[in-house]
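Engineer: Below are the structure tokens for one structure; questions will follow.
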Amino acid sequence: MDADITESQQYDSPDTGTFFMRVEFRTPAEREAVDAALAPVVERFGMHLQLWDAAVRTRTLVMCSKDGHTLNDLLFQQRTGTLPIEVPVVVSNHLDLQPLASFYGVPFIHIPVSAAGTQTKAVAEARLRELIDEFDIDLVVLARYMQILSDELCADLQGRAINIHHSFLPSFKGARPYHQAHERGVKLIGATAHYVTADLDEGPIIAQSVQPVTHAQTAADFVARGRDVEGDTLVQAVRWHAQHRVLLDGRRTVVFG
């Protein structure tokens, strides 16, 4: 089979003893011929192989609540072609961001979640599962979605759901974390994008970023800077995932950036 390697990266994990390799190549061959050519190599070395067509965009369902900053970043970069994803639907537990989704021409589905109890959340997650199947979704992104997913759904979406949160945890929990940070004189604002697991905000980390702040900035400045960092970090994590550059190594990730 004729093929040209355009990129190759390797990593031998000292913790798990797993050897990781990511190879990009170009070939005029059909997918079936590529599979047939690689099959003997996979069998010989006992490899776990995942083969992706780089031209196919990752079908992504974005979940949000009321803060539209990260949603806008994702939809804008999808439209400009700088993010290799296709967003066929936006899901929210509120109606606030429906106009934003409409601006980008993306269907918006409202799935309310009541504070009454687990039954309503179970119904909402059942509907979400239907949408994942209906729209043939590869990736779920929580773009400031302010609801906790059930352990069962987290397990089903292992390695296929990405969340973003500020980097102040565990120091500043609860409401208004940027205001808490401002009161304590924090000098760095950051964000962490990670895979979703049942351990809240503790999934395998994909991307992190920080920005310096000073005493001269207000709490509102902290919030604005934090939104920018969160948006940039989430977009980077989604980009790496969509380019199939992220591999799970136990509780850690190997990122061939």
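Engineer: Give me the accessible area of Lys66, 1.4 Å probe, in Å² rounded to the nearest 10.
Structural biologist: 120
Engineer: Once the Cα atoms of the range 122-248 are picked out, what are the Rg and Dmax in Å?
Structural biologist: Here Rg and the maximum Cα pair distance are 15.9, 50 Å.
Engineer: I would also like to ask the following. Please report the carbon-and-sulfur percent of the accessible area for the range 208-247; probe 1.4 Å, protein heavy atoms only, DNA, RNA and ligands left out.
Structural biologist: 49
Engineer: Any chance you could look up the accessible area of Thr6 with a 1.4 Å probe, heavy atoms only, rounded to 10 Å²?
Structural biologist: It works out to around 70 Å².
Engineer: Pairs of Cα atoms under 8 Å, at least six residues apart: use those to get the relative contact order of the range 188-244, whole percent.
Structural biologist: 40
Engineer: Taking a ≥ b ≥ c as the square roots of the eigenvalues of the Cα gyration tensor of the range 92-158, is the shape rounded (a/c under 1.5), prolate (a/b larger than b/c) or oblate?
Structural biologist: It comes out oblate by the Cα gyration axes.
Engineer: Helix 69-80: angle to the longest alpha-carbon principal axis of the chain, degrees 0 to 90, nearest 10?
Structural biologist: With both axes taken from Cα atoms, the answer is about 40 degrees.
Engineer: Could you tell me the distance between the Cα centroids of the range 1-35 and the range 142-214, to the nearest Å?
Structural biologist: Centre-to-centre distance over Cα atoms comes out at 32 Å.
Engineer: Contour minus end-to-end for Arg31 and Thr18, with contour as 0.36 nm per residue of separation and end-to-end as the Cα-Cα distance?
Structural biologist: Using 0.36 nm per residue and subtracting the Cα-Cα distance, I get 2.0 nm.
Engineer: How large is the accessible surface per residue of the chain, computed with a 1.4 Å probe and reported in Å² as a whole number?
Structural biologist: Result: 56 Å² per residue.
Engineer: Turning to a different aspect of this structure: Does the range 1-51 come out rounded, prolate or oblate by the C-alpha gyration tensor, with a ≥ b ≥ c the root eigenvalues, rounded set by a/c under 1.5 and, if not, prolate when a/b is larger than b/c and oblate if not?
Structural biologist: Judged from the Cα gyration tensor, the range 1-51 comes out oblate (a/c at least 1.5, b/c at or above a/b).
Engineer: Calculate for the chain the 222 nm mean residue ellipticity that helices alone would give, adding -39,500 (n - 2.57) per DSSP H run of length 4 or more and normalising by residue count, nearest 500 deg cm²/dmol.
Structural biologist: Calculated mean residue ellipticity at 222 nm is -10500 deg cm²/dmol.
Engineer: Does the range 26-130 come out rounded, prolate or oblate, given a ≥ b ≥ c as the square roots of the eigenvalues of its C-alpha gyration tensor, rounded meaning a/c under 1.5 and, failing that, prolate meaning a/b above b/c?
Structural biologist: Verdict is oblate for the range 26-130.
Engineer: Can I ask one more? Run the numbers on the chain and let me know its relative contact order in percent, using alpha-carbon pairs under 8 Å that are six or more apart.
Structural biologist: Over the chain, the number comes to 17 percent.
The values are calculated or read from the model by the stated rules, or taken from the named source; none is laboratory data. Owing to the predicted nature of the structure, the values given are computational and were not obtained by experimental measurement. Note: accessible area is taken over every heavy atom of the protein model, side chains too, but ligands, DNA and RNA are not part of it. Shrake-Rupley method; radii C 1.70, N 1.55, O 1.52, S 1.80 Å.
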